[in-house]
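Have a look at the structure below before the remarks.
Since every read-out is calculated from the coordinates, none of them should be taken as a lab result. On a predicted model such as this, the values are computed, not experimentally measured, just so you know. Note that each Cβ is placed from the backbone with ideal geometry, even for glycine, and that neighbours are counted across all protein chains shown.
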Amino acid sequence: MTIRTEPMTVNVGPQHPSTHGVFRVRITFDGEDIVEVEPVLGYLHRGTEKLAEERNYVQIVTLTDRLDYTSSMINNQAYCLAVEQLLGIEPPPRAKYLRTLTAELQRIASHLIAVGFFVQELGAFGTPLMYTFRSRERILDLFEMLCGARITVSYMRPGGVFADAPDDFWPALDQFLNDFEGELAELEDLLLNNEILMVRTRGVSPLPPDVAINCSVSGPVLRASGVNWDWRKMAPYDAYDQVDFDVPIGSSGDNYDRFWVRVQEVRQSLRIVRQCIEQIEPGPARLELPLVLRAAPGAEAYGRVEASKGELGFFLVSDGGISPYRCKIRSPSLINLTITEHLLIGWKLADMIVSLGSVDINMGEVDR
Amino acid sequence: MLTALSGADLAQRLRDTLPDAVLDWNDSAVWVAPDSISAVAGALRDNPELDFQFLNAVSAVDFVAHFELVYHLTSISKRHTAVVRSRVYGREEPTAPSVVGVWRGADFQEREIWDLMGIRFTGHPNMKRIMLWEGFDGHPLRKDFL
Amino acid sequence: MNACVLNPHSILGGNHLFRFIYEGVGQMLPCWMAYVVAGAAIMLILINAVLLGAAIVSWGERRLLGRFQNRVGPNRWGPFGALQPIADLTKLLTKEDIVPYGADRIAFTIVPVLMVASLLVGAAVIPFAKDVALVDLNVGVLFILAVSSLTTIAIFTAGWASNNRYALFGAGRAVAVLLSYEVPVVLSVLGVVLVAGSMSLGDIVVAQAVPFFLVQPLAFFVFVAGMSAELNRTPFDVAEAESEIIAGYHTEYSGIKFALIQAAEFGGALVVSGLIATLFLAGWAGPVADWLGWLWFLIKTFIGIFLFVWIRSTYPRLRLDQIMAVCWKFLMPLSIINLIAVTLEVFFLRDAHGVLTTADLWIMAGINIVIAAVSIAVFGQLIRQQVRNSSQTAPASRLVVSGVSTIEVSQGQG
Amino acid sequence: MYGLEMAKGLLVTLTNLMRKPFTVAYPEQRVRQHPRFRGEEFTWYEERCTGCASCAKYCPLGIIKIVTSPSETAPLQGDKYLLETFDIELQRCMFCGLCVEACPYDALFMGSGFEEGQYRRTDLVISIDRLRQADKNPSTWFRPQLESMDYRPGTSRPLGWRDVGREGWRWHQREKAGMRLQGRNAEDDA
């Protein structure tokens, strides 16, 4: 006698405890094995690209905050770089360092969330998440000190940052860096070699590098597959050509490697922040620009940064007006989702959640 | 570090394999005929000297008179970038061949362009709306929407 | 005055409180009615004790988890938030009681009752102090194991009746886990019964001149692991894995039904901790006086609960197939080793009357600790090899860009 | 040995059990608010405001509504406009602070409060009267002069309109000849 099984279709999301926001995947299961996957997007679609066409160049900075709301600084940076390319201006060196520094702090915060939720999805009852949030909270405090907001920072402007850091920011940053070393070591003790985490993630949902590249995957996911492609190294922007750091790469591109790469990137970001503190010199933090900027008609720019999720690009086209004629956002989260089918089919329900978590998407950026 | 291939350079190399495809070029980009996009894409990826394995972004711009598709490409092994563009005419049912067969990464972006800009890609395996629901009237990113 | 006198051979005969109420009420009412009244009174006490205990456990677990996670936990209502369970209960009582469309109404409703009932009946035989148990059954251990298996049926019914696919996933997982883990748990308890020479929980406590977690560390380990699986607690909580299948079998439950299921869950933690205390930590036995037994029992129960919470706060969850592997490939052999070792030791060490002295127990403890360490190490090593082999994927063809300094994933542990 | 790392994890959680909680029990305790904090209420100095509506134009969401009429006193001498309406629709505000950045006369400041929850949406529109009466505890967001004064919105005393400008207030007075200083003339002369 053969046991007959029947495929069962389940909507995972948009209301599900661990789909990173309003992400919905329609999955067909055979028992607990995944047979078919179809991501359904658009639950957080706010039309950022259309909104950007009606706002002037500085106002769009506030829109970029809301793309990937766990790494608003990096979004600001990408957008400002694109506008600067468009206008042909260059920010003063102090602004470059401040941007680099805040972007790296934001990368730490974003990766901490990614790591915390990754382990949360593995089933840890909130403890690693709470520890990562504890450290992230300190970073957000630093941001509040810099610019008065914690998540929607709007810190950077085309031509620099909105204002120099206050005097008490630097001792606070030092204090944070010192404390964070210990917190990070604690986190690594708790997670990095934990056997349960190992058996759950090692060898699960591997992503070969050729597939990764063909699917335009970028960021930690690409590097976990063993491709050391980092825009901070390849096309250094702001002050990244002045600092020294390594690029962590994985070997097999499985869930563990993606997790491991993120933890190591936090360490490298710490290195960059320390170098920025050493190298930064007094000076203006913003170019004297008019409030309302205008680019030459027909000018185009594609500004890209290595955001915490991958390559974040802004493709701006100007028609000479005060707002961009077209503002295309190349969002890493959306394009990283291309590999969903590759990652999920053939694995189990429990692995599905973890694999999705290891890609680290953010719905604000996927749907825009 | 990264070098950006100039449009003239790229056009020169593309002409060897696909003489009819290249329409125009300037110092940053090369314009190709819309019908030959997927052929050009294949040539760009498979030519060992160009080796554009990585598609950064597919964008569509509505210039009212025509739509323009912009492909930002990167070669990971050769470390250079290039921009390939194509003008698509017609507002009723503009179509262009899909490059999903060459770069899987174009999947969601082409669906998004169809959804928001209304350019249909032929040969795409799943040409459905992505952000908006099926049955939504119009394509919001067009300049004549609203 | 025709006072009723309880038959000393009745199973409730050992319960002083029952006898007191029975004889007191018997002054006024016919004997059969006094029996019912006394039984109801005792039941009331037991139900309230267990449910109150569940409430305290739920509060304590949340406070403890909070502190483990470097936060405060519930602290708003009452001193240190101790009235939080009451607030929760009030909220759940006033919530709408939803039966989902297409659900099997009767089966859906009966589940919480079934879960709480099995819990309460199980709690009846645990001795809280010397001679303080509802009944001191001579098959107490068997009774508890039998009754706790009722939960499996309840959980499966819940998943099936809910008409929800997540619930069905949870039910399927729960049945697989609970049935498998019954085996090593029973085998490990067998060792305890062998040494104690009795299935009565009271006798088992008395027999523990040396606490059994020293005499049979393997059995203790297997029992704790197995019970945390039966309770659906981390790292074996696949049946209600909140990050995967929402809440598993109780996804669709709301209002008072949900409250009962939660009570059964936290009460289950309490009863199992009590059971661990009784079987392995010498129950109410302790220094000073016998009447302080309840204190030792509470402290030991708290140790069990603390252990569960600690593990819950630390570990991620295993996958279903891995849990089954742990059960059949790790816990099962360990419990068999323990059973064989204990059988042999009892066979050689017992005297003519089949009694083990304290010295014998110490000898057994010495031997068994060594056996435990060796076998856990050996099986751990075996599992490790297994994990290594299964998780080694073919190293992907690298696409490394030259000139960029990189650090690569360390292949150290695993 | 297998399981060693798991024991290490248990140790980590145990050490954290001994630590003081990191969280703050909000209504009783508060986290330190930084001077640049962009709060929910706005601080507006009517004396400094000319009614130019730069803030309204620069707001990405267009939530500031300003209605002015020419001043009755001396419009030709550069007097300010009379403000009839100055509504900030707080329910759509995203506290980006661009209005503050746009204000050329340092009249509008982000506030430092954040407990402005209301039960009705209409209550979330800050009207000109509420702006007039509100406590003047400006945030130092985009106001370097306040930062150089070492001003702390939470603890320092409320600031008057003369203290907050980038230039001296007398310059301001000179520039806008017909400015009504609302009964403070005696004080000004001193």
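Worth pointing out:
- Scaling the Cα radius of gyration of chain A by the globular reference 2.2 N^0.38 Å produces a ratio of 1.00.
- Pairwise centroid distance, computed over Cα atoms, of segment A:156-172 with segment A:68-97, Å: 13 Å
- Across chain C: Cys residues that no other cysteine approaches within a C-beta distance under 4.7 Å: C:Cys327
- In segment B:3-93, the inverse of the mean reciprocal separation of distinct Cα atoms equals 13.1 Å; this is its Kirkwood hydrodynamic radius.
- Relative contact order %, segment A:45-367, counting alpha carbon pairs below 8 Å whose residues are six or more apart: 28 percent
- Comparing A:Gly310, A:Gly226, A:Gly13 in a Gaussian network model of chain A where C-alpha atoms under 10 Å apart are linked, the largest mean-square fluctuation is found at A:Gly13.
- Span from the segment C:301-333 Cα centroid across to the segment C:135-155 one, whole angstrom: 21 Å
- Taking other C-beta atoms within 10 angstrom as a stand-in for reagent exposure, B:Thr17, B:Thr81, B:Thr74 fall in the order B:Thr17, B:Thr81, B:Thr74, fewest first.
- In summary, segment A:120-169 shows an alpha-carbon radius of gyration equal to 1.53 times the 2.2 N^0.38 Å reference for compact globular proteins.
- Per DSSP, loop chymotrypsin sites (Phe, Trp or Tyr not before Pro) in segment C:85-185 with at most 13 further Cβ within 10 Å: C:Tyr101
- Scanning chain C for long hydrophobic helices, with DSSP H runs required to stretch 27 angstrom or more by C-alpha along their axis and to average at least 0.0 on the Kyte-Doolittle scale, returns C:31-68, C:105-123, C:165-196, C:255-280, C:293-314, C:358-391.
- Only Lys, Arg (+1) and Asp, Glu (-1) charged, at Cβ; chain C dipole about Cα centre in debye: 980 debye
- Helix-derived mean residue ellipticity, 222 nm - over the protein assembly as shown, DSSP H n ≥ 4, -39500 (n - 2.57), to 500: -14500 deg cm²/dmol
- Positive minus negative residues near D:Asp150 (Lys, Arg vs Asp, Glu; Cβ under 12 Å): -2
- Relative contact order for chain B, counting Cα pairs under 8 Å that sit 6 or more residues apart, in percent: 19 percent
- Note that segment D:103-164, at 20 °C in a medium of 1.002 mPa s, gets a Stokes-Einstein diffusion coefficient of 166 µm²/s from its Kirkwood radius over C-alpha pairs.
- Taking the charge dipole of chain A about its Cα centre, with +1 at Lys and Arg Cβ atoms and -1 at Asp and Glu Cβ atoms, the residue from A:Met156, A:Leu344, A:Gly357 reaching farthest to the positive side is A:Met156.
- In loop segments of segment A:212-296 as defined by DSSP, the GluC sites (Glu not before Pro) with at most 12 further C-beta atoms inside 10 Å of their C-beta are A:Glu288.
- The mean count of C-beta atoms from other chains within 10 Å of the C-beta of residues in C:304-316, rounded to a whole number, is 6.
- Cβ crowding within 10 Å ranks A:Thr48, C:Thr301, A:Thr5 as A:Thr5, A:Thr48, C:Thr301, fewest other Cβ atoms first.
- Taking the number of Cβ atoms within 10 Å of each Cβ as an exposure proxy, the fewest-first ranking of A:Val22, C:Val355, A:Val83 is C:Val355, A:Val22, A:Val83.
- Unit charges on C-beta of K, R, D, E only; dipole of segment C:222-272, Debye: 160 debye
- Its residue count N fixes a reference of 2.2 N^0.38 Å for the protein assembly as shown, and the Cα radius of gyration divided by that reference is 1.10.
- Semi-axis lengths (Å, descending) of the ellipsoid that matches the C-alpha gyration tensor of segment C:107-388: 32, 23, 15
- For chain C, built as a Gaussian network whose Cα springs stay under 10 Å, the top-fluctuating residue of C:Ala373, C:Ala277, C:Ala209: C:Ala373
- Computed from backbone phi with θ = phi - 60° and the Karplus coefficients 6.51, -1.76 and 1.60, the 3J(HN,Hα) list for segment A:99-106 is 5, 4, 5, 5, 5, 6, 4, 5 Hz; x is used for glycine and proline.
- Per-residue shielding of A:201-214, expressed as the average number of other chain Cβ atoms within 10 Å of the residue Cβ, stands at 5.
- Restricted to Cα atoms, segment A:28-153 shows a radius of gyration and a Dmax of 18.3, 59 angstrom.
- At 0.692 mPa s and 37 °C, Stokes D of segment D:27-174 from Kirkwood alpha-carbon radius, µm² per second: 206 µm²/s
- Listed residue (C:Ser313, C:Ala82, C:Leu187) projecting farthest to the positive dipole end of chain C, Cβ model: C:Ser313
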